[in-house]
Every structure is written in structure tokens, then in C-alpha cells.
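For reference, the structure discussed in these notes is given below.
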Amino acid sequence: MAVTALGDLEGREAVTRSGARPGDVVAVAGELGLAAHGLAVLFGRFHPEGAAVPIEPAQLAEGERAALHAQLRPQPPIGLGVVAATSGATAMMDVSDGLALDAGRMADASEVTFAFDGAALGADRERALGGGEDHALLATFPEGMLPPGFRAIGRVQERGVDAVLCDGAPVAPTGWDPYRDWEASSR
């Protein structure tokens, strides 16, 4: 179903981060970890010893070009938020501080546990979980209701000890916490 305007949502209840239910599919729209890779390239190769240097495109591998593009010119999948809402999303929020941290926030608000499939997160699972600035959407859907533009990355479970699991192991809430990290950097 194509959604062309926010008016299509009139009369519908808002999708919040607190509506995930056990049995729901956890899904994401957008790339995970690519912007963090771009930031690592910027600081590792073009910001030596605190002095910025010009980016030399000829020095970049193809994957680095895509990563820098994700970091410097993000393209958030904003329109897919409306698609998710009209497709039955039970919970949704942006992923900008890192999947592990933001998924933990959603799991806590919903009083559930998110169980991620490591293979579904891609080859660089650690960066997908802990990188920030992804400009992605995290949503949960009832089984069989995953709309185009979203890909399944896990399941919602009854609340356990940990808010987030990956392949059955607890995941630390890594990522960028603006309250924690800004305060720490000002000391």
C-alpha cells in the first residue's frame, strides 16, 4: 500500500516505543553501522593527531565511500515511518544512538526483551549494534505484517533479565548516550 501523506494516519493511534509484544518481529529500515564506519574512517584517516585534513576520494575503497556518504549525507527513511504505522507496527522509534542502546530503550518501555539474530545484522555485527548516527527506524510488527522497506532482525520475547540479546547472549547498551557522553566529555 502506498502512503502519500500523513493524512492517511488520521483516526489511528500513534505508534510509540512502548507497544512491542512478545511474538512480534523486530525489524529495521535503513543501514546499521555504516555511519559509524564512516566516522571511523574520518577520524582514523582524515583527522590525524587532532588536525583535519582534506578527504582524498582516490584514497578511499568503495566501502569507505559508502560509509562516508552515510556519515556526511545521511538519508533517513522518514517516509517508511508512515508505511510502518499503516502496516500495523506495534512499536517504533529512530535508531540514531546505536541499535543496542535504542533497542534497549524500546524494550524497557515495552517491558520485553529483544532477541536479535546476529546473521541478520550483517557481517559487522559489532558496528551494527554499537555504532550511532545510523538514521534508521526500528519497529516491531505482528508476524506476517512486515512491510516493504523493513527487514527482520529478530523477535520480541517475554521480558527476561536482559533487555537485548544477540544469538542468545546479553548485549551491553553500547552506542552514543547524549546525556552520559556529553557530560563525560565536559569534564
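The values are calculated or read from the model by the stated rules, or taken from the named source; none is laboratory data. Owing to the predicted nature of the structure, the values given are computational and were not obtained by experimental measurement. Note that we place each Cβ from the backbone using ideal geometry, even for glycine, and neighbour counts take in every protein chain shown.
Conditions tested, residue by residue: (1) at pLDDT below 95; (2) touching a strand residue (DSSP E or B) at 6+ places or on another chain (Cβ under 7 Å); (3) of a type in the set (S, T, N, Q).
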{"site": "77", "(1), (2), (3)": "yes, yes, no"}
{"site": "91", "(1), (2), (3)": "no, yes, no"}
{"site": "94", "(1), (2), (3)": "yes, yes, no"}
{"site": "118", "(1), (2), (3)": "no, yes, no"}
{"site": "130", "(1), (2), (3)": "yes, no, no"}
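May I ask you to list the residues in segment 103-125 that are in contact (Cβ under 8 Å) with a residue 60 or more places away in the chain, surrounded by fewer than 24 Cβ atoms within 10 Å (Cβ to Cβ) and closer than 14 Å to residue 174 by Cα?
104, 105
Is it the case that residue 59 is more than 29 Å from residue 158 (Cα to Cα) and touching a residue at least 24 places away in the same chain (Cβ under 8 Å)?
So residue 59 fails the test.
For segment 128-140, state whether one or more residues are under 16 Å from residue 18 (Cβ atoms), of a type in the set (S, T, N, Q) and within 16 Å of the chain's Cα centre (by Cα).
yes
Quick one: residue 83 ticks every box in (1) within 11 Å of the chain's Cα centre (by Cα); (2) touching a residue at least 60 places away in the same chain (Cβ under 8 Å) except a single one, so which number is it?
All conditions pass for residue 83, except number (1).
List every residue pair whose Cβ atoms lie under 6 Å apart, where the two residues are 6 or more positions apart in sequence or sit on different chains, the first residue falls within segment 144-164 and is farther than 18 Å from residue 129 by Cα, and the second residue, located anywhere, is of a type in the set (Asp, Glu) and part of a loop (DSSP other than H, G, I, E, B).
Within 6 Å, the pairs are 159/111.
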